[in-house]
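Take a look at the structure below.
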Amino acid sequence: MTSALHISANQWRTSVLKACVGTLVARGIAEDIADACLALLALQQNPLQPLLGCLNTFHPSSSDVDGVPDWPDVGATAHLGSLQVLKFGPSIIDMAQAGIVCNCDIDSMILLLGLAQARLHSHDMQLECSRDGTNWQTIDGAISSGNVHSGPETCWLRAQKAQSRTPLNMTNLPQPRREDWVSLQQFADQIMVPADDSNRADAGAGLTDND
Amino acid sequence: MSIDGSVELKQFEQVELRPPSTVMRLERMGSFFPTRLSFLRSLLRRLARDGMGLKRTAFKLDDDGFGQAVYDVMLDGQHYALIAYSQALAPEDRTDRVIAEAWDTCFILFDGQPGPNDISRLEGHATQQEAGQYDERVLVLSRANKSVRLFDHVVERLADGQQPDAEMIGKIGYLMRTTAVYGNGKFGMADRAEFMDRPSLSQPFRLEMLTVYLIREFTLDLVNHVAAARASQNGKAGSAELADQFRRQLGIGNSTGLGMAPFLVGHPVLINNWMLVRETALARVRAVETASQSTRQEFLNLLQQTKAHLQQWQVDGQFEQDRIEKLRHNFNEMIPQCESLSQQVKPWDKLLRACEDGSSSLQELMVSLILEPNGDIIDGLCECMEDTFGPKLDPVMNVDEVRQILTRHYDWAMQIDLTEEDQTAMVWYVSEEKAEPRLGARAKDNKEHREMPHAIPRKVQAFAADLQDLDGTTLLGEVLMRHPEHRDIARRVQTVSNHPFAEIRDNLVADNVRPIDLLRCKLSFFGASKFDPRSDRWTRITLYQGAPTARELTVENCGDVFLPAFEVDK
């Protein structure tokens, strides 16, 4: 029996997606967060602890229209204030992709950079990030530097010249700690409907099938 | 290839594609038959062309057929091994439901040549299936149950020195049924991306189809082995070997339920590519000016084979049996016309047009039939069925452009009256029992907040409503910042604009939805035949029935798999 945990890229993606949806993150954002985690894994960064931190503090009911940042004109700088990555992370990247320089205090900079990195792999574009709006670096450079904390940080993002997309290298991915993986599964399990005789029949098959 | 090594792109004439509004309807998709583009067909061609060097490297089974066996094949210089674990199973534990916890046989497709430690290490996991733990050297995980009725019959006959009953072989068609074939990173196995660069494996479900083909080889060896042991126990000098004609008539059964249905909704680009290849192949064939003598003769032979197949295709369900009988009648009536039209100019186009007033089943049967003798102009399309990028969102598109896509591709969804209760009567959800997808009544209990994202018309209408009063120059990104709940459907809508066959154009949560149509569509791309629905959510099928076994597979006979039909001696 193998004892070491081996989590494939497919398992990472589906488990993160389910965990986010189970926590009532909007599905489209959950899809982006799942891709962000794969982008981080491809750079040998384990996204699980920052993600669990965000899931633990996510409250969907606190979302309201008044908290939504304004969308400025292309070329302007947007000072977005304090934002949760599970609510606005993909929109911040959208904004940067549209040519707006974004400045925000984000609850997980590493996940935001993961979102940016994933976007580079799906679109022909380049993004840069900065902590102070002055010293800019590439997204993968920032992620790989190991200097990005899992907690809140100030982040600047801007688009740079177009760049051809390259596929993610999904071999030899970092493996999670077993207890973290179990925690993620507990979030993911919230999408499941408990089994009973009534919904067992919803599968439309008999309980035995010999011939 | 040209003389300087560059690729020459051969151009083929083609007529206009059938529109998605015709093709992507559930009723039609539920009428699909396998074609020569199906995954098992392209695998057989590849195996025949390149060889597979099948070797049985271990066969440690007791007299009852319980133990382990290993089959080694080589593709592109790389070894792959099917490890089979066969065990005793009480009849009351034998169920094809995904919620089963024990099976007659369990299988692993291993990347490379497994050592004794690998084989014994993996046994405890493979026999637990979903509860086991795997790594990147495990490519596919599967399990199968015996058709006890047929397996016992074949053993008894062979042990007695006789061949089995031909009618029984033809009617059941398999010694074992798989109840799941898992791949692509499930349970820690290798991700598909890890072997996509191996030329033999670049097509969808290639390893899964290879696994099933090797399982078939194992079942044939197993039944001979058990029969020989039984003959010895009975004091006989020896048993009969299962004759080649019967080996070929035995495929592998499969029992499939709702687990397969969400795949078609969840992989829009992949489904587009499958459909687009099928429709492009059809458009090429319809453009052919005249059929050569040999092509026409092949078609005429296929007509007779199809007639025999339909005659032998019997199921227990009355609804499906009525459908088969109607198809059988209509097809037989058409045969003289087919013989005549195949001699005319644009024969294949005329043949399809001749079916236009018939049922979807008749039309789709004709699609499979006219593709079959035209491999030289369509087989290359099989290389275009993969999806390497998936859906993506363009937040810089403006609202006017999004509205245009909705008008062009989602008119069908916008026209559905969602205030009618029957249009939202059902809900797709995932049970905690082995994460099995299920379909239940929305009103029955509180599942709505756990609903799977299959209510496409409802999502589209909600998205369109929130776009309605916006300035047309507003960027989609700005809309999604205010309405993050639309992010998934916005991505889907944009994807469909470039992939017109990506969306099933029916309401999957209406009270009249028949999930079996989704199952049949997907299974037809696998190459399944003899659809035998046990309800509107669950079907049995056969794979590889009539296909050459490994020891007889050649370039000449690898295509001889179209809709199995057998002569039955009574």
> What is the Cα centroid distance between segment B:59-76 and segment B:146-220, reported in whole angstrom?
Replying inline: 13
> Which stretch or stretches of segment B:370-390 have amide N atoms under 13 Å from the point lying 7 Å from B:Ala287's Cα along the Cα→Cβ direction?
Replying inline: B:377-378
> For segment A:53-211, with the dipole built from +1 on Lys and Arg beta-carbon atoms and -1 on Asp and Glu ones, taken about the Cα centre, which of A:Asn56, A:Val85, A:Ala203 lies farthest toward the positive end?
Replying inline: A:Val85
>> How high is the relative contact order of segment B:399-498? Use alpha-carbon pairs under 8 Å, at least six apart in sequence, and give a whole percent.
In response: 36
> So how tilted is helix A:178-188 from the main axis of chain A? Cα-based, degrees 0 to 90, rounded to 10.
Replying inline: 80
> Rounded if a/c is under 1.5, else prolate if a/b is larger than b/c, else oblate: which is segment B:212-296, with a ≥ b ≥ c the root eigenvalues of its Cα gyration tensor?
Replying inline: oblate
>> Suppose we keep just the DSSP beta bridges with both residues in segment B:1-154; what percent of those would be antiparallel, to 5?
In response: 100
> Based on the Cβ-Cβ distance of B:Cys384 and B:Gln245, what FRET efficiency does E = 1/(1 + (r/R0)^6) give at R0 = 41 Å, to the nearest 0.05?
Replying inline: 0.65
>> I need the peptides A:159-166, B:145-152 ranked by packing, meaning the mean over residues of other C-beta atoms within 10 angstrom, with the highest value on top.
In response: B:145-152, A:159-166
> Just how far, in whole angstrom, is segment A:165-196 from segment B:520-554 if you go by their alpha carbon centroids?
Replying inline: 33
>> Below 11 angstrom from the Cβ of A:Val101, what's the summed charge of the other residues (Lys, Arg +1; Asp, Glu -1)?
In response: 0
> What whole number of Å gives the distance from the Cα centroid of segment B:262-308 to the Cα centroid of segment A:5-19?
Replying inline: 37
> Given the rule -39500 (n - 2.57) for each run of at least 4 DSSP H residues, summed and divided by the residues of the protein assembly as shown, what is its mean residue ellipticity at 222 nm, to the nearest 500 deg cm²/dmol?
Replying inline: -12500 deg cm²/dmol
> What is the interface area between chains B and A, defined as buried accessible area summed over both chains with a 1.4 Å probe, reported in Å² to the nearest 100?
Replying inline: 5200
> Got a number for carbon plus sulfur as a percent of segment B:399-498's accessible area, 1.4 Å probe?
Replying inline: 46
> For chain B, which DSSP H helices look membrane-span-like by this rule: Cα extent along the axis of 27 Å or more and mean Kyte-Doolittle of at least 0.0?
Replying inline: B:206-233
> Shielding of A:22-33 by partners, i.e. mean partner chain Cβ atoms within 10 Å per residue?
Replying inline: 4
> For a label point 7 angstrom out from the Cα of B:Glu432 toward its Cβ, which stretches of segment B:124-144 have the backbone nitrogen within less than 14 Å?
Replying inline: none
> Given R₀ = 35 Å, FRET efficiency for B:Arg198-B:Gln128 by Cβ-Cβ distance, to 0.05?
Replying inline: 0.75
>> For chain B, what does the relative contact order come out to in percent, with C-alpha contacts under 8 Å and a separation of six or more?
In response: 22
>> Once you order the gyration tensor axes a ≥ b ≥ c over the Cα atoms, which shape class does segment B:71-158 get: rounded for a/c under 1.5, otherwise prolate or oblate by comparing a/b with b/c?
In response: oblate
> How much length, in nm to one decimal, is gained on full extension between B:Gln87 and B:Val345, taken as 0.36 nm per residue of separation minus their Cα-Cα distance?
Replying inline: 87.0 nm
> Can you pick out the pairs among B:Lys434/B:Lys522; B:Lys350/B:Lys522; B:Lys186/B:Lys307; B:Lys146/B:Lys307 whose Cα atoms lie more than 32 Å from each other?
Replying inline: B:Lys186/B:Lys307
> Given a 1.4 Å probe and every protein chain left where it sits, what share in percent of the accessible area of segment B:51-242 is carbon and sulfur?
Replying inline: 45
> When N counts the residues of the protein assembly as shown, how does its alpha-carbon radius of gyration compare numerically with 2.2 N^0.38 Å, as a ratio?
Replying inline: 1.00
>> Tell me the net charge near B:Leu327. Cut-off is 13 Å between Cβ atoms, B:Leu327 excluded, with +1 for each Lys or Arg and -1 for each Asp or Glu.
In response: -1
> Based on the mean of other beta carbon atoms within 10 Å per residue, what is the order of B:14-25, B:55-66, most packed first?
Replying inline: B:14-25, B:55-66
>> Counting heavy atoms of the protein chains only and a 1.4 Å probe, report the per residue accessible area for segment B:399-498 as a whole number of Å².
In response: 44
> Roughly how crowded by other chains is peptide B:430-436, in terms of the mean Cβ count from those chains within 10 Å of each of its Cβ atoms?
Replying inline: 6
> Roughly what angle does helix A:9-22 make with the longest principal axis of chain A, taking Cα atoms, 0 to 90 degrees, to the nearest 10?
Replying inline: 90
> Around B:Leu17, which amide H atoms from residues at least 5 apart in sequence, or from another chain, sit under 5 Å from its own amide H, with H modelled in the peptide plane?
Replying inline: none
> Got a sec to turn the phi values of segment B:130-141 into Karplus ³J(HN,Hα) couplings, 6.51 cos²θ - 1.76 cosθ + 1.60 with θ = phi - 60°, whole Hz, x for Gly and Pro?
Replying inline: 4, 7, x, 10, 10, 10, 6, 7, 8, 9, 9, 10
> Mind ordering B:48-54, A:136-142, B:201-207 by average Cβ neighbours within 10 Å, highest first?
Replying inline: B:201-207, A:136-142, B:48-54
> Which of rounded, prolate, oblate describes segment B:51-242, given a ≥ b ≥ c as roots of the alpha-carbon gyration tensor eigenvalues and a/c under 1.5 marking rounded, otherwise prolate only if a/b is larger than b/c?
Replying inline: prolate
> Suppose R0 equals 41 Å; then what is the FRET efficiency for B:Arg551 and B:Glu16 from their Cβ-Cβ distance, rounded to the nearest 0.05?
Replying inline: 0.35
> Do you know which residues of segment B:523-553 lose at least 50 square angstrom of accessible area in the protein assembly compared with their chain on its own, with a 1.4 angstrom probe?
Replying inline: B:Trp538
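The values are calculated or read from the model by the stated rules, or taken from the named source; none is laboratory data. Every value quoted in this text rests on a predicted model; they were computed, and no experiment measured them. Please note: Cβ atoms are built from the backbone with ideal geometry, for glycine as well, and neighbour counts cover all protein chains shown. Ligands, DNA and RNA are stripped out before the accessible areas are found, and what is left, the full protein with its side chains, is counted by its heavy atoms. Shrake-Rupley method; radii C 1.70, N 1.55, O 1.52, S 1.80 Å.
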